[in-house]
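Quick notes on the structure that follows.
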Amino acid sequence: MPPEAPGPRCASHPAADAVHTCQRCGRFACAACARTESGVVLCLACLARPEARLTPSPRAKRALAMGLVGLHGVVVLLPIAAWLARAELRAIEAGDAPPAGKPWAQGALAASIAGALLWLVLAVVLLGE
Ligand SMILES: [Zn+2]
Ligand SMILES: [Zn+2]
């Protein structure tokens with residue numbers, strides 16, 4: 001007959017109660033082992049791995065998605081995409097966002113500029129007819 005079922009334990013400290021779950025590897029972590037990196041809870045083992053920082057932040061993904069949707073006609077999203085992308089690039093340079101988001105943010109910026117030019121040219125052509 002087992003006594004009471006033990007709660008989840010930290011993967012590194014079997015004596016410590018787990019209070020977090022690593023959002024990358026799913027291991028249990030105690031308060032001393034978990035760190036929040038760019039809004040994501042990671043264990044110490046994952047923090048030590050460089051690829052843990054290879055995931056772009058949600059803002060970088062949102063900026064690129066808005067830039068691409070804006071490119072396809074939802075012009076009002078283009079300035080928002082450009083603004084998000086610039087904020088993300090600043091955060092990456094300050095070390096507050098994962099560097100992996102850089103190509104996403106640069107792509108979002110390029111898409112918003114290309115979209116703005118495209119729709120400007122189209123408007124001039126259509127109005128000039
Ligand atoms: Zn982990
Ligand atoms: Zn621990």
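The values are calculated or read from the model by the stated rules, or taken from the named source; none is laboratory data. All figures in this text were calculated on a predicted structure; none of them were measured in a lab. Don't worry about glycine lacking a Cβ; one is built from the backbone with ideal geometry, like all the others, and counts go over all protein chains shown.
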Report task. Give me the pairs, please: first residue somewhere in segment 9-26 and under 12 Å from L44 (Cα atoms), second residue anywhere and in a loop (DSSP other than H, G, I, E, B) and more than 9 Å from ligand 2 (Cβ to nearest atom), beta-carbon distance under 7 Å, and either six or more positions apart or on two chains. Result -> A11/R27
Report task. Check whether at least one residue in segment 53-60 is over 30 Å from S12 (Cα atoms) and at pLDDT 85 or above, and report yes or no. Result -> yes
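For (1) exposed (fewer than 14 other Cβ atoms within 10 Å of the Cβ); (2) within 16 Å of ligand 1 (Cβ to nearest atom), each residue gets a yes or a no:
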site: C30; (1), (2): no, yes
site: L42; (1), (2): no, yes
site: C46; (1), (2): no, yes
site: K61; (1), (2): no, no
site: A65; (1), (2): no, no
site: G73; (1), (2): yes, no
site: V76; (1), (2): yes, no
site: A97; (1), (2): no, no
